[in-house]
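This report refers to the structure that appears directly beneath it.
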Amino acid sequence: MVEPVRYRYKLLLITEKGKHFDISGLVEDLSWEEPEKELAARITFYAKNDKTSKGRLSALAKPGCYVYVMYTYKDRKVKEAVRGKIVEWDTSAKASTERIKIKAYDDLYDLQESSDDVYFSAGVGTETAITQVLGGWGIKIGEYTGPDVTHGRLVYKNEKLGSIISKILDEAKKKGGGRGILRGVKGKVNVSRMGDNKKVYHFSEREDLISVSHKISTVGMVTRVKVIGREDDDERRPVEAVVDGQTGYGIRQKIVTRGSDESLDDAKRAAQEILDEDGRPDETRTIKTPDIPSVRKGHMIHLKSSAGTGYFHVLGISHDCEDMTMQMDIKKTRPRDQHGEKGGGDYHVGDIVDFHGGRHYVSSYPGSQGYDVAAGKARITIAGGAGGAHPWHLVTQDWSQTHVWGWVDDGSFD
(Lines give C-alpha, C1' and ligand atoms only; values in the text may rest on other atoms or scores of the structure.)
Protein backbone atom coordinates (compact mmCIF):
# COMPACT_ATOMS: atom_id res chain seq x y z
CA MET A 1 0.00 0.00 0.00
CA VAL A 2 1.35 3.44 -0.95
CA GLU A 3 1.57 6.01 1.83
CA PRO A 4 1.49 9.48 0.19
CA VAL A 5 2.86 11.24 3.30
CA ARG A 6 6.11 9.30 2.92
CA TYR A 7 7.07 11.18 -0.26
CA ARG A 8 9.68 13.94 -0.14
CA TYR A 9 10.62 16.48 -2.82
CA LYS A 10 13.94 18.15 -3.61
CA LEU A 11 14.88 20.68 -6.30
CA LEU A 12 18.13 20.67 -8.28
CA LEU A 13 19.46 23.63 -10.29
CA ILE A 14 21.70 23.07 -13.30
CA THR A 15 23.59 26.31 -14.01
CA GLU A 16 24.65 27.58 -17.42
CA LYS A 17 28.09 26.05 -16.75
CA GLY A 18 26.55 22.64 -16.07
CA LYS A 19 27.07 22.71 -12.30
CA HIS A 20 24.51 20.92 -10.10
CA PHE A 21 23.18 22.55 -6.93
CA ASP A 22 20.60 21.26 -4.49
CA ILE A 23 18.58 24.43 -3.75
CA SER A 24 15.79 22.70 -1.81
CA GLY A 25 16.65 24.64 1.36
CA LEU A 26 16.13 27.97 -0.43
CA VAL A 27 12.86 27.07 -2.15
CA GLU A 28 9.33 27.92 -1.02
CA ASP A 29 5.91 27.22 -2.56
CA LEU A 30 7.23 24.68 -5.06
CA SER A 31 4.61 23.23 -7.39
CA TRP A 32 4.50 21.58 -10.78
CA GLU A 33 1.54 21.04 -13.04
CA GLU A 34 0.34 19.71 -16.36
CA PRO A 35 -2.72 21.80 -17.33
CA GLU A 36 -5.38 20.25 -19.54
CA LYS A 37 -5.20 22.97 -22.21
CA GLU A 38 -1.39 23.24 -22.36
CA LEU A 39 1.19 20.99 -23.99
CA ALA A 40 4.11 21.59 -21.62
CA ALA A 41 4.54 20.83 -17.92
CA ARG A 42 5.20 23.90 -15.75
CA ILE A 43 7.31 24.26 -12.60
CA THR A 44 6.79 27.28 -10.34
CA PHE A 45 8.54 28.25 -7.10
CA TYR A 46 9.82 31.10 -4.98
CA ALA A 47 13.41 31.07 -3.74
CA LYS A 48 15.37 33.06 -1.15
CA ASN A 49 18.05 35.10 -2.85
CA ASP A 50 20.71 33.87 -0.44
CA LYS A 51 24.39 34.10 -1.18
CA THR A 52 26.06 30.76 -1.87
CA SER A 53 29.74 29.91 -2.41
CA LYS A 54 29.15 30.65 -6.11
CA GLY A 55 27.20 33.90 -5.61
CA ARG A 56 23.59 34.84 -5.03
CA LEU A 57 20.90 32.58 -6.37
CA SER A 58 19.70 35.36 -8.70
CA ALA A 59 23.08 35.11 -10.47
CA LEU A 60 22.88 31.33 -10.82
CA ALA A 61 19.24 30.57 -11.66
CA LYS A 62 19.10 32.36 -15.00
CA PRO A 63 16.71 31.92 -17.92
CA GLY A 64 17.92 28.97 -19.96
CA CYS A 65 19.12 27.02 -16.91
CA TYR A 66 17.35 23.81 -15.94
CA VAL A 67 15.67 22.79 -12.71
CA TYR A 68 14.88 19.19 -11.83
CA VAL A 69 12.04 18.26 -9.47
CA MET A 70 13.14 15.07 -7.72
CA TYR A 71 11.40 12.92 -5.13
CA THR A 72 11.98 9.95 -2.84
CA TYR A 73 9.62 7.46 -1.27
CA LYS A 74 10.45 6.45 2.30
CA ASP A 75 13.91 7.98 1.73
CA ARG A 76 14.82 5.35 -0.82
CA LYS A 77 16.07 5.84 -4.39
CA VAL A 78 15.79 9.41 -5.74
CA LYS A 79 13.58 9.64 -8.86
CA GLU A 80 12.84 12.45 -11.29
CA ALA A 81 9.30 13.83 -11.37
CA VAL A 82 9.78 16.51 -14.04
CA ARG A 83 12.41 18.88 -15.39
CA GLY A 84 12.12 22.28 -17.01
CA LYS A 85 14.04 25.18 -18.49
CA ILE A 86 13.74 28.51 -16.68
CA VAL A 87 11.82 30.97 -18.85
CA GLU A 88 10.74 33.60 -16.35
CA TRP A 89 12.18 35.09 -13.17
CA ASP A 90 12.01 38.22 -11.05
CA THR A 91 15.32 40.06 -11.48
CA SER A 92 14.34 42.79 -9.01
CA ALA A 93 15.40 40.62 -6.06
CA LYS A 94 18.75 41.97 -4.89
CA ALA A 95 18.92 40.99 -1.23
CA SER A 96 18.47 37.75 0.69
CA THR A 97 15.34 39.19 2.31
CA GLU A 98 13.62 39.22 -1.06
CA ARG A 99 12.30 36.25 -2.97
CA ILE A 100 12.76 35.37 -6.62
CA LYS A 101 9.79 33.93 -8.44
CA ILE A 102 10.89 31.40 -11.03
CA LYS A 103 8.86 29.65 -13.71
CA ALA A 104 10.18 26.80 -15.86
CA TYR A 105 8.70 24.61 -18.60
CA ASP A 106 9.69 21.27 -20.07
CA ASP A 107 10.91 20.88 -23.67
CA LEU A 108 7.40 20.92 -25.13
CA TYR A 109 7.21 24.65 -24.36
CA ASP A 110 9.00 25.53 -27.61
CA LEU A 111 6.30 23.74 -29.59
CA GLN A 112 3.61 25.41 -27.52
CA GLU A 113 4.98 28.88 -28.34
CA SER A 114 6.12 28.40 -31.96
CA SER A 115 4.26 28.53 -35.29
CA ASP A 116 5.15 26.90 -38.59
CA ASP A 117 3.83 25.51 -41.87
CA VAL A 118 3.46 21.73 -41.93
CA TYR A 119 2.59 19.54 -44.91
CA PHE A 120 2.25 15.77 -45.24
CA SER A 121 1.09 13.86 -48.31
CA ALA A 122 -1.89 11.52 -48.11
CA GLY A 123 -1.02 8.16 -46.61
CA VAL A 124 1.23 9.43 -43.84
CA GLY A 125 0.99 7.59 -40.50
CA THR A 126 0.39 9.31 -37.17
CA GLU A 127 3.74 8.19 -35.74
CA THR A 128 5.67 9.41 -38.81
CA ALA A 129 3.95 12.80 -38.80
CA ILE A 130 4.46 13.50 -35.11
CA THR A 131 8.02 12.14 -35.11
CA GLN A 132 8.96 14.47 -37.96
CA VAL A 133 7.34 17.51 -36.33
CA LEU A 134 9.15 16.86 -33.04
CA GLY A 135 12.41 15.97 -34.77
CA GLY A 136 12.35 19.21 -36.73
CA TRP A 137 12.61 21.05 -33.42
CA GLY A 138 15.34 18.85 -31.98
CA ILE A 139 12.98 17.07 -29.59
CA LYS A 140 13.90 13.45 -28.99
CA ILE A 141 11.20 10.81 -28.69
CA GLY A 142 11.70 8.39 -25.83
CA GLU A 143 8.84 5.98 -26.54
CA TYR A 144 6.05 5.96 -29.09
CA THR A 145 3.11 3.85 -27.98
CA GLY A 146 0.43 6.26 -29.14
CA PRO A 147 -2.06 5.94 -32.01
CA ASP A 148 -0.77 5.20 -35.50
CA VAL A 149 -3.36 5.32 -38.28
CA THR A 150 -3.22 6.39 -41.91
CA HIS A 151 -4.14 10.02 -42.60
CA GLY A 152 -5.19 11.92 -45.67
CA ARG A 153 -3.25 14.97 -46.79
CA LEU A 154 -2.33 17.16 -43.80
CA VAL A 155 -1.83 20.88 -44.43
CA TYR A 156 -1.33 23.46 -41.67
CA LYS A 157 -0.33 27.06 -42.38
CA ASN A 158 1.12 29.40 -39.79
CA GLU A 159 -0.32 27.44 -36.87
CA LYS A 160 1.07 26.79 -33.42
CA LEU A 161 2.97 23.51 -33.49
CA GLY A 162 1.27 22.38 -30.32
CA SER A 163 -2.10 22.91 -32.01
CA ILE A 164 -0.92 21.00 -35.10
CA ILE A 165 0.10 17.99 -33.02
CA SER A 166 -3.19 18.11 -31.12
CA LYS A 167 -5.13 18.14 -34.40
CA ILE A 168 -3.16 15.18 -35.77
CA LEU A 169 -3.85 13.21 -32.58
CA ASP A 170 -7.53 14.23 -32.66
CA GLU A 171 -7.86 12.95 -36.21
CA ALA A 172 -6.15 9.70 -35.22
CA LYS A 173 -8.70 9.30 -32.43
CA LYS A 174 -11.60 9.85 -34.84
CA LYS A 175 -10.10 7.18 -37.11
CA GLY A 176 -10.18 4.68 -34.26
CA GLY A 177 -6.58 4.95 -33.11
CA GLY A 178 -7.45 5.96 -29.55
CA ARG A 179 -6.61 9.16 -27.74
CA GLY A 180 -2.92 10.08 -27.65
CA ILE A 181 -0.96 12.36 -25.34
CA LEU A 182 2.53 13.88 -25.25
CA ARG A 183 4.43 13.79 -21.98
CA GLY A 184 7.94 15.04 -21.17
CA VAL A 185 10.02 12.36 -19.44
CA LYS A 186 13.70 12.85 -18.52
CA GLY A 187 14.51 15.24 -21.35
CA LYS A 188 12.63 13.29 -24.01
CA VAL A 189 9.01 13.16 -25.12
CA ASN A 190 6.89 10.04 -24.85
CA VAL A 191 3.88 9.75 -27.13
CA SER A 192 1.41 7.47 -25.39
CA ARG A 193 -2.22 6.49 -25.29
CA MET A 194 -4.38 7.88 -22.53
CA GLY A 195 -4.47 5.51 -19.58
CA ASP A 196 -1.15 3.86 -20.43
CA ASN A 197 0.06 3.55 -16.83
CA LYS A 198 0.57 0.00 -15.56
CA LYS A 199 -0.04 0.93 -11.91
CA VAL A 200 -3.54 2.36 -11.39
CA TYR A 201 -4.01 4.17 -8.07
CA HIS A 202 -7.30 3.90 -6.20
CA PHE A 203 -8.77 6.87 -4.31
CA SER A 204 -11.65 6.50 -1.87
CA GLU A 205 -13.79 9.31 -0.52
CA ARG A 206 -13.55 8.03 3.05
CA GLU A 207 -9.78 7.51 3.03
CA ASP A 208 -7.98 9.56 0.39
CA LEU A 209 -10.05 12.52 -0.82
CA ILE A 210 -9.55 15.98 0.63
CA SER A 211 -12.20 17.53 -1.62
CA VAL A 212 -14.29 16.57 -4.61
CA SER A 213 -16.56 18.46 -6.99
CA HIS A 214 -18.80 17.33 -9.84
CA LYS A 215 -20.35 19.62 -12.45
CA ILE A 216 -22.66 18.78 -15.36
CA SER A 217 -23.30 21.41 -18.03
CA THR A 218 -25.04 21.46 -21.41
CA VAL A 219 -23.31 24.72 -22.40
CA GLY A 220 -21.67 24.21 -25.79
CA MET A 221 -23.54 20.97 -26.42
CA VAL A 222 -24.54 20.13 -30.03
CA THR A 223 -27.71 18.10 -30.57
CA ARG A 224 -28.25 18.49 -34.32
CA VAL A 225 -25.88 18.84 -37.27
CA LYS A 226 -27.19 20.06 -40.62
CA VAL A 227 -25.22 19.12 -43.74
CA ILE A 228 -25.34 21.90 -46.36
CA GLY A 229 -24.49 21.43 -50.04
CA ARG A 230 -22.90 23.75 -52.56
CA GLU A 231 -24.57 26.99 -53.63
CA ASP A 232 -26.77 27.09 -56.71
CA ASP A 233 -26.93 29.99 -59.15
CA ASP A 234 -29.14 31.94 -56.75
CA GLU A 235 -26.58 31.48 -53.92
CA ARG A 236 -28.93 29.18 -52.07
CA ARG A 237 -27.42 26.21 -50.30
CA PRO A 238 -29.55 23.05 -50.13
CA VAL A 239 -29.94 21.02 -46.93
CA GLU A 240 -28.63 17.56 -47.85
CA ALA A 241 -28.92 15.81 -44.50
CA VAL A 242 -29.82 16.37 -40.86
CA VAL A 243 -28.09 14.24 -38.24
CA ASP A 244 -29.77 14.29 -34.83
CA GLY A 245 -28.21 13.54 -31.49
CA GLN A 246 -29.73 13.98 -28.03
CA THR A 247 -32.38 16.50 -29.06
CA GLY A 248 -34.22 15.97 -25.79
CA TYR A 249 -31.93 18.67 -24.39
CA GLY A 250 -33.21 21.08 -27.04
CA ILE A 251 -32.05 21.89 -30.56
CA ARG A 252 -28.44 23.10 -30.52
CA GLN A 253 -27.56 23.13 -34.19
CA LYS A 254 -24.25 23.21 -36.01
CA ILE A 255 -23.69 23.47 -39.78
CA VAL A 256 -21.36 21.27 -41.86
CA THR A 257 -20.72 22.35 -45.44
CA ARG A 258 -19.97 19.52 -47.83
CA GLY A 259 -16.81 20.18 -49.82
CA SER A 260 -16.56 19.84 -53.59
CA ASP A 261 -14.41 16.70 -53.29
CA GLU A 262 -16.39 15.22 -50.41
CA SER A 263 -19.20 12.69 -50.69
CA LEU A 264 -22.45 13.02 -48.77
CA ASP A 265 -21.49 9.96 -46.71
CA ASP A 266 -18.21 11.66 -45.77
CA ALA A 267 -20.10 14.77 -44.69
CA LYS A 268 -22.52 12.68 -42.62
CA ARG A 269 -19.60 10.96 -40.91
CA ALA A 270 -18.14 14.37 -40.09
CA ALA A 271 -21.52 15.38 -38.64
CA GLN A 272 -21.63 12.24 -36.50
CA GLU A 273 -18.09 12.94 -35.26
CA ILE A 274 -19.27 16.34 -34.04
CA LEU A 275 -22.12 14.70 -32.16
CA ASP A 276 -19.76 12.05 -30.75
CA GLU A 277 -17.46 14.80 -29.48
CA ASP A 278 -19.90 17.52 -28.39
CA GLY A 279 -23.29 15.82 -28.34
CA ARG A 280 -23.59 15.04 -24.66
CA PRO A 281 -23.58 17.05 -21.42
CA ASP A 282 -20.09 17.98 -20.31
CA GLU A 283 -19.22 16.37 -16.99
CA THR A 284 -16.25 17.76 -15.09
CA ARG A 285 -14.90 16.34 -11.87
CA THR A 286 -12.10 17.83 -9.79
CA ILE A 287 -10.59 15.97 -6.86
CA LYS A 288 -7.91 16.89 -4.35
CA THR A 289 -5.90 14.11 -2.73
CA PRO A 290 -2.61 13.52 -0.92
CA ASP A 291 0.22 13.86 -3.43
CA ILE A 292 1.69 10.99 -5.42
CA PRO A 293 4.48 12.44 -7.66
CA SER A 294 4.35 9.61 -10.19
CA VAL A 295 0.74 10.39 -11.20
CA ARG A 296 0.86 12.29 -14.50
CA LYS A 297 -1.51 13.89 -16.94
CA GLY A 298 -3.04 11.20 -19.15
CA HIS A 299 -2.82 8.48 -16.51
CA MET A 300 -5.78 6.37 -15.41
CA ILE A 301 -6.96 6.31 -11.80
CA HIS A 302 -9.79 4.55 -9.98
CA LEU A 303 -12.18 6.58 -7.85
CA LYS A 304 -14.91 5.69 -5.39
CA SER A 305 -16.87 8.76 -4.32
CA SER A 306 -20.18 10.58 -4.40
CA ALA A 307 -18.95 12.29 -7.58
CA GLY A 308 -18.72 8.98 -9.36
CA THR A 309 -17.20 5.53 -9.04
CA GLY A 310 -15.09 3.87 -11.70
CA TYR A 311 -12.05 4.51 -13.85
CA PHE A 312 -11.05 8.04 -14.84
CA HIS A 313 -8.46 9.70 -17.06
CA VAL A 314 -6.42 12.55 -15.59
CA LEU A 315 -6.98 15.48 -17.96
CA GLY A 316 -4.93 17.97 -15.94
CA ILE A 317 -3.00 17.80 -12.68
CA SER A 318 -1.24 20.10 -10.23
CA HIS A 319 1.19 18.92 -7.54
CA ASP A 320 1.70 21.15 -4.47
CA CYS A 321 5.10 20.09 -3.12
CA GLU A 322 4.74 22.08 0.10
CA ASP A 323 1.28 20.90 1.20
CA MET A 324 1.95 17.48 -0.38
CA THR A 325 -1.41 17.49 -2.16
CA MET A 326 -2.43 17.15 -5.78
CA GLN A 327 -5.50 18.37 -7.63
CA MET A 328 -6.79 16.51 -10.69
CA ASP A 329 -9.35 17.29 -13.37
CA ILE A 330 -10.67 13.89 -14.38
CA LYS A 331 -13.03 12.32 -16.91
CA LYS A 332 -14.69 8.93 -16.67
CA THR A 333 -13.36 6.26 -18.98
CA ARG A 334 -13.59 2.55 -19.54
CA PRO A 335 -11.68 -0.03 -17.48
CA ARG A 336 -8.98 -2.19 -18.98
CA ASP A 337 -9.24 -5.95 -18.97
CA GLN A 338 -6.32 -8.29 -18.29
CA HIS A 339 -5.04 -7.79 -21.84
CA GLY A 340 -4.86 -4.02 -21.47
CA GLU A 341 -7.89 -3.35 -23.61
CA LYS A 342 -10.91 -1.42 -22.45
CA GLY A 343 -14.40 -2.62 -21.68
CA GLY A 344 -17.68 -0.80 -21.07
CA GLY A 345 -17.78 2.42 -19.06
CA ASP A 346 -18.22 6.06 -20.04
CA TYR A 347 -21.41 5.75 -22.08
CA HIS A 348 -24.72 7.56 -21.89
CA VAL A 349 -28.31 7.01 -22.94
CA GLY A 350 -28.66 8.11 -26.56
CA ASP A 351 -25.12 7.18 -27.61
CA ILE A 352 -24.71 5.30 -30.88
CA VAL A 353 -22.26 2.42 -30.37
CA ASP A 354 -20.78 -0.49 -32.31
CA PHE A 355 -22.18 -3.73 -30.87
CA HIS A 356 -19.57 -6.48 -31.25
CA GLY A 357 -22.11 -9.22 -31.79
CA GLY A 358 -22.97 -12.02 -29.40
CA ARG A 359 -25.61 -12.50 -26.75
CA HIS A 360 -28.38 -10.10 -25.77
CA TYR A 361 -30.73 -10.85 -22.90
CA VAL A 362 -34.41 -10.37 -22.12
CA SER A 363 -33.58 -8.62 -18.82
CA SER A 364 -30.60 -7.23 -16.90
CA TYR A 365 -30.92 -9.82 -14.11
CA PRO A 366 -28.54 -12.79 -13.67
CA GLY A 367 -29.79 -15.97 -15.27
CA SER A 368 -32.06 -14.25 -17.77
CA GLN A 369 -32.54 -15.90 -21.16
CA GLY A 370 -30.25 -14.74 -23.96
CA TYR A 371 -29.98 -15.04 -27.74
CA ASP A 372 -27.06 -14.55 -30.13
CA VAL A 373 -27.25 -11.71 -32.67
CA ALA A 374 -24.88 -10.22 -35.24
CA ALA A 375 -22.71 -7.11 -34.84
CA GLY A 376 -23.82 -3.64 -35.91
CA LYS A 377 -24.80 -0.11 -34.93
CA ALA A 378 -27.08 0.30 -31.92
CA ARG A 379 -28.37 3.01 -29.61
CA ILE A 380 -28.13 2.88 -25.81
CA THR A 381 -31.66 3.30 -24.45
CA ILE A 382 -31.10 2.34 -20.78
CA ALA A 383 -27.90 2.47 -18.71
CA GLY A 384 -27.32 0.74 -15.39
CA GLY A 385 -30.00 -1.95 -15.42
CA ALA A 386 -31.50 -2.83 -12.05
CA GLY A 387 -30.30 -6.44 -12.22
CA GLY A 388 -26.70 -5.44 -12.77
CA ALA A 389 -25.57 -8.57 -14.64
CA HIS A 390 -26.29 -7.12 -18.11
CA PRO A 391 -26.36 -3.36 -17.44
CA TRP A 392 -26.90 -1.88 -20.95
CA HIS A 393 -30.01 -1.94 -23.12
CA LEU A 394 -29.32 -1.57 -26.85
CA VAL A 395 -31.68 -1.05 -29.78
CA THR A 396 -30.51 -1.71 -33.33
CA GLN A 397 -30.04 1.21 -35.70
CA ASP A 398 -29.84 -0.92 -38.83
CA TRP A 399 -31.96 -4.08 -38.95
CA SER A 400 -29.94 -5.35 -41.92
CA GLN A 401 -26.81 -5.37 -39.72
CA THR A 402 -28.00 -6.57 -36.34
CA HIS A 403 -31.21 -7.55 -34.56
CA VAL A 404 -29.89 -6.58 -31.12
CA TRP A 405 -32.79 -5.33 -29.00
CA GLY A 406 -32.13 -6.18 -25.39
CA TRP A 407 -29.73 -6.17 -22.46
CA VAL A 408 -25.99 -6.69 -23.02
CA ASP A 409 -22.79 -6.94 -20.96
CA ASP A 410 -20.01 -4.46 -20.27
CA GLY A 411 -17.37 -4.64 -22.99
CA SER A 412 -19.79 -5.90 -25.66
CA PHE A 413 -19.67 -2.61 -27.59
CA ASP A 414 -17.55 0.47 -28.15
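The values are calculated or read from the model by the stated rules, or taken from the named source; none is laboratory data. This structure is a prediction, so every number in the text was calculated from the model and none was measured. Here Cβ is always computed from backbone atoms with ideal geometry, including for glycine, and neighbour counts include all displayed protein chains. Surface accessibility is based on the protein's heavy atoms, side chains included, excluding ligands, DNA and RNA. Shrake-Rupley method; radii C 1.70, N 1.55, O 1.52, S 1.80 Å.
Using just the alpha carbons, could you tell me how many Å³ per residue the convex hull of the chain encloses? Don't jump to the answer; show the numbers that get you there.
Details: hull volume 77.6 nm³, N = 414.
Each residue corresponds to 187 Å³ of Cα convex hull volume.
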Reach of residue 377 by Cα under 26 Å, taken over lysines that are not fewer than 8 positions away in the same chain: 173, 174, 175, 226, 254, 268, 331, 332, 342
Nearest 10, in degrees from 0 to 90: the angle of helix 264-278 to the longest Cα principal axis of the chain is 50 degrees
If the reach is capped at under 14 angstrom between alpha carbons, list the aspartates and glutamates near residue 160, excluding any in the same chain fewer than eight residues apart. 38, 110, 113, 116, 117
accessible surface per residue for the range 220-296, probe 1.4 Å, DNA/RNA/ligands not counted, whole Å² -> 55 Å²
Rg (Å, one decimal) plus Dmax (Å, integer) for the alpha carbons of the range 13-96? 13.5, 41
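Ignoring ligands, DNA and RNA, what percent of the 1.4 Å accessible area of the chain is carbon and sulfur? Provide the component values of the computation, followed by the final result.
Details: 9700 of 21690 Å².
Carbon and sulfur: 45 percent of the exposed surface of the chain.
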Above 21 angstrom, tally the Cα pairs of the range 205-320 and express them as a % of all pairs, no decimals. 56 percent
Given 5 Å bins starting at zero, what is the percent of C-alpha pairs of the range 211-257 in each, up to the one with the largest pair distance? 5, 19, 20, 15, 14, 10, 7, 4, 3, 2, 1, 0, 0
If you average over every viewing direction, what projected area does the convex hull of the Cα atoms of the range 236-300 give, in nm²? 7.7 nm²
Expected unfolding gain across residue 237-residue 145 under the 0.36 nm per residue rule, minus the alpha-carbon gap, is 28.7 nm
Cross-link partners of residue 85 among lysines (Cα-Cα below 17 Å; sequence separation of 8 or more within a chain): 10, 17, 19, 62, 101, 103, 140, 186, 188
What residues qualify as long-range amide H neighbours of residue 10, i.e. H under 5 Å apart, gap of 5 or more or another chain, H built at 1.01 Å from N? 70, 71
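Under the rule that an exposed site lies in a DSSP loop and has at most 13 other Cβ atoms within 10 Å, name the longest stretch of the chain with no chymotrypsin sites (Phe, Trp or Tyr not before Pro) of that kind, not counting the sites themselves.
Numbers: sites that count: 137, 399.
In short, 138-398.
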Amide proton proximity set for residue 252, modelled H, under 5 Å, gap of 5+: 223, 224
Long-range amide H contacts for residue 149: which residues qualify at under 5 Å (H placed 1.01 Å from N, peptide plane, sequence gap of 5 or more or a different chain)? 126, 127
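How much accessible area per residue does the range 150-196 have, counting only protein heavy atoms and a probe of 1.4 Å, in square angstrom?
Numbers: 2250 Å² over 47 residues.
I get 48 Å² per residue for this part.
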Taking a ≥ b ≥ c as the square roots of the eigenvalues of the Cα gyration tensor of the range 51-200, is the shape rounded (a/c under 1.5), prolate (a/b larger than b/c) or oblate? oblate
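Using 0.36 nm per residue of separation minus the Cα-Cα distance, give me the extension gain between residue 198 and residue 210 in nm, one decimal.
Values: separation 12, 0.36 × 12 = 4.32 nm, distance 2.49 nm.
Separation in residues times 0.36 nm, less the Cα-Cα distance, equals 1.8 nm.
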Mean Cα-pair separation over length for the chain, i.e. relative contact order, pairs under 8 Å, 6 or more apart, %: 11 percent
How far, in nm, would the chain grow between residue 29 and residue 101 when pulled straight, counting 0.36 nm per residue and subtracting the alpha carbon separation? 24.9 nm
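If you take the alpha carbon radius of gyration of the range 1-57 and divide it by 2.2 N^0.38 Å, what ratio comes out, to two decimals? Before the final figure, lay out the partial values.
On the way: Rg = 14.5 Å, N = 57, 2.2 N^0.38 = 10.2 Å.
Relative to the rule-of-thumb radius for its length, the range 1-57 sits at 1.41.
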Expressed as an acute angle from 0 to 90° and rounded to the nearest 10, what is the orientation of the C-alpha long axis of helix 126-135 relative to the principal long axis of the chain? 20 degrees
